[in-house]
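The values are calculated or read from the model by the stated rules, or taken from the named source; none is laboratory data. Small disclaimer: the values here were computed from a predicted structure and weren't measured. Every residue, glycine among them, receives a Cβ derived from its backbone with ideal geometry; neighbour counts consider all protein chains shown. Only protein heavy atoms, including side chains, enter the accessible area calculation; ligands, DNA and RNA are left aside. Shrake-Rupley method; radii C 1.70, N 1.55, O 1.52, S 1.80 Å.
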Protein chains: 4
Amino acid sequence: MTPPNAARRSERAHRAILEAAYALAVDRGAAKVTIEAIAARAGVGKQTIYRWWPSKGALLLDVLIDAVGAVSEMPDTGDVTADLKAQMTAVTRLFQSDFARFYTGLIAEAQGDEAVARGLAEQLLDRADGPRRARLAKAQRDGELRADVDVAAAAEALYAPIYYRLLLRTAPLGVDQVHALLDVVLDGLRPRE
Amino acid sequence: MTPPNAARRSERAHRAILEAAYALAVDRGAAKVTIEAIAARAGVGKQTIYRWWPSKGALLLDVLIDAVGAVSEMPDTGDVTADLKAQMTAVTRLFQSDFARFYTGLIAEAQGDEAVARGLAEQLLDRADGPRRARLAKAQRDGELRADVDVAAAAEALYAPIYYRLLLRTAPLGVDQVHALLDVVLDGLRPRE
Amino acid sequence: MTPPNAARRSERAHRAILEAAYALAVDRGAAKVTIEAIAARAGVGKQTIYRWWPSKGALLLDVLIDAVGAVSEMPDTGDVTADLKAQMTAVTRLFQSDFARFYTGLIAEAQGDEAVARGLAEQLLDRADGPRRARLAKAQRDGELRADVDVAAAAEALYAPIYYRLLLRTAPLGVDQVHALLDVVLDGLRPRE
Amino acid sequence: MTPPNAARRSERAHRAILEAAYALAVDRGAAKVTIEAIAARAGVGKQTIYRWWPSKGALLLDVLIDAVGAVSEMPDTGDVTADLKAQMTAVTRLFQSDFARFYTGLIAEAQGDEAVARGLAEQLLDRADGPRRARLAKAQRDGELRADVDVAAAAEALYAPIYYRLLLRTAPLGVDQVHALLDVVLDGLRPRE
DNA sequence: ATTTAATCGAGACGGTACGTCATGTCTTATG
DNA sequence: CATAAGACATGACGTACCGTCTCGATTAAAT
């Protein structure tokens, strides 16, 4: 009935829930995490979870955003190929870790929960995409790339294949993929002759 | 104990199950389909489902493979850009239909069920990928693309972004994406004069 | 830690609680009244209730005692049969009203809460029983009843059946029961000529 | 949706539930028995209980009826006073045992659950009342009681006080009460010489 | 043609988790 | 400093499905 009053929120419970959810999602995959297990591990009542998050997905999304963050940083050494290689490799490494179970599980959750899908897109993916486009745009200004290149499409062509393998598992993730993508996509975008 | 004897299988029940699963998956999304609902709609005992499929995912995968198929065909008019545009557009159209709910739901299922992931990759995605690579390889032989291009990576760079938007919803699916991808990826792969 | 200081008690809150509890108990039965509902209706914090009453039963008991009282009065016209008929009829009427839901609910509460049971017996039932016995004893002195009659047992034999029907609902409450009881019990207690 | 099919009922589960419910109700009182505890003790899923009984009260009523039964038997030695004394004493003894917790708890339950109230009245109390009235009627025919006595009212006047003390605890149950009641009620019903 | 054994529809079973409700205690800010 | 408001841990509620397990009642193959 009444919306919860954030000022009175117990910081202790809040943190315990995020930590419990993180631990459980990493070690058994987001799909197999239950609200009851989170509550039990956090030493918290289920209601305390339901009071602050509308669904398991929303909670896990918060946890994920908390936990990722750093990977969206984009280096800028002046060499766009090197910078993208570094960043794409970092993403690949993250997706090779146990953490991947968490991420893929949450994406699965998003397929049936529009709110999670929106949160994921806006708070995580778009946020990560910005710096990538910006780096590409700078490379254009620097003359590393042709001026007419659609920077957003280029970013998608480079990163989507990594997510594709993460989710669809047609081939293992690895640095070779990163190299191949840079060769195929980025190389074609350089100024001709 | 005894493995099921395919010869005695009831064709009526088999078809009813596939149809019920299809209908339910399309209209409420694969995640919200339950075995009980399929059994009830098909007028079949639950055991009859469990006798022939190990899991909901395996059943839905069968249904999906049944239902897709056609989209993996690849035209060959001699103009690789036109051919890819046609095929990528067909894929996009499929992903814009109600059918998408089914597909994304099954991919979600695959995140927690290794057997489904494998089936999806091998029986659907790899099968669809073959003709794409083949078409690109032919274009190489025809001199439409440079000889040193990694054809598999190119196929991934072109198609993965469509799946990316299907699953991650950072932007709506549409033909503009297809055009942008062809411009960014394929154009860069042409022979340098 | 500190015992509540009755002097500082808010009279406003006190009254609001009793009124809210009464209204709720009458209209949905004592069993379905919750402390939260009482607090909400009274515009009072839950703690304020818990501070002054140990349990829902204790609160309802207070409310009930407040509300009854009057029915324990016993007329004395000199005709013991007429007096008992009047009083038993009044009790029956009370038990036929909406108020019965409250009373039966509290008796139910007492079955699992010794303190309520004790309070009910001592503060309500015994208090009501006193005048009844006294009236019967006077009738003895007046020669309306035999001298050897056990007045307490007689009071029980007359009133318990009314409670029996109230609680066990083997037959509807009504004035016929009162008449039948007076015929069967009281009539047998007159002096034998 | 579909009503359960009694023919397929598991006798094992049925018995285990009744036994578990009995044990729990006797040792902690009907009010403190939970469906979850019954299910756990019986080694049964909760749904199996809900499939066959609409409420905790309905289940406990079944258990109680199972367990009582015998006490409704009425001896007939030709001496109505002796017979009633024996039977009333048996009832009193039952109500003095641990079993009372069960009985009073169920009566409490009935105050908030009309179905239980009806079941209790019809399947237990009325059934027990029949033989009592019959015995009194026979005594009338034998000339032990006056012909004009309302036998139903007499039965109520004798037994209701026992229930009254059981439920309202104004005084302890005991054989003295039985004697007093027989003196006060039955004695008055004898033929006047 | 009869037997016989597996499949079928149905659905009860022991479970797990759900999301909700009320309990009684604890915390914070308000008057 | 008692209050109202309400967050908290706890625990039971009744429901939905899970995957397994009987039940007769069809089948369809091997006698």
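Structure data summary
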{"read-out": "The protein assembly as shown - percent of accessible surface contributed by carbon and sulfur, probe 1.4 Å", "value": "51 percent"}
{"read-out": "Only Lys, Arg (+1) and Asp, Glu (-1) charged, at Cβ; the protein assembly as shown dipole about Cα centre in debye", "value": "380 debye"}
{"read-out": "Cleavage-rule hits (GluC sites (Glu not before Pro)) in region B:16-124: DSSP loop, at most 15 neighbouring Cβ within 10 angstrom", "value": "B:73"}
{"read-out": "Positive-pole candidate from A:81, A:91, A:10, dipole of chain A, charges at beta carbon", "value": "A:10"}
{"read-out": "10 Å Cβ neighbours from other chains, averaged over peptide D:144-154", "value": "3"}
{"read-out": "Sparse-neighbourhood loop sites, trypsin sites (Lys or Arg not before Pro) in region D:120-176 - DSSP loop, at most 15 other Cβ within 10 angstrom", "value": "D:146"}
{"read-out": "Residue C:40/residue D:115 FRET efficiency (R0 25 Å; Cβ-Cβ; nearest 0.05)", "value": "0.30"}
{"read-out": "Residue C:123-residue B:8 pseudo-label distance in nm [points 7 Å out on the Cα-to-Cβ vector]", "value": "7.3 nm"}
{"read-out": "Alpha-carbon centroids, region A:104-183 and region D:161-193: separation in whole Å", "value": "88 Å"}
{"read-out": "Interface C:D - total buried accessible surface [probe 1.4 Å, Å², rounded to 100]", "value": "3300 Å²"}
{"read-out": "Neighbour cut-off at most 15 other Cβ (10 Å), DSSP loop, trypsin sites (Lys or Arg not before Pro), region D:1-68", "value": "D:9"}
{"read-out": "Summed residue charge, Cβ within 14 Å of residue D:58's Cβ, Lys/Arg positive, Asp/Glu negative", "value": "-3"}
{"read-out": "Among C:39, C:168, C:107 - extreme Cα towards positive end, dipole of chain C, charges at beta-carbon", "value": "C:39"}
{"read-out": "Helix-only CD estimate at 222 nm, as mean residue ellipticity for chain A, using -39500 (n - 2.57) per DSSP H run (n ≥ 4)", "value": "-20000 deg cm²/dmol"}
{"read-out": "Point-charge dipole on Cβ atoms (K/R +1, D/E -1) for chain D, about Cα centre, debye to 20", "value": "800 debye"}
{"read-out": "Accessible surface, chain A, averaged per residue in Å² (probe 1.4 Å)", "value": "46 Å²"}
{"read-out": "Chain D, rotation onto A, residue closest to that axis via Cβ, with its distance in Å", "value": "D:36, 7"}
{"read-out": "List of region C:113-127 residues, accessible area with partners at least 40 Å² below that of the chain alone (1.4 Å probe)", "value": "C:125"}
{"read-out": "Sum of side-chain charges, residue A:48 neighbourhood, beta-carbon under 11 Å (Lys, Arg +1; Asp, Glu -1)", "value": "+4"}
{"read-out": "Region C:171-179 - phi-based ³J(HN,Hα) in whole Hz, Karplus 6.51/-1.76/1.60, Gly and Pro as x", "value": "7, x, 6, x, 5, 4, 4, 4, 4"}
{"read-out": "Chain-alone versus full-assembly comparison, region C:162-193, residues with accessible loss of at least 50 Å² (1.4 Å probe)", "value": "C:164, C:167, C:168, C:169, C:170, C:184, C:192"}
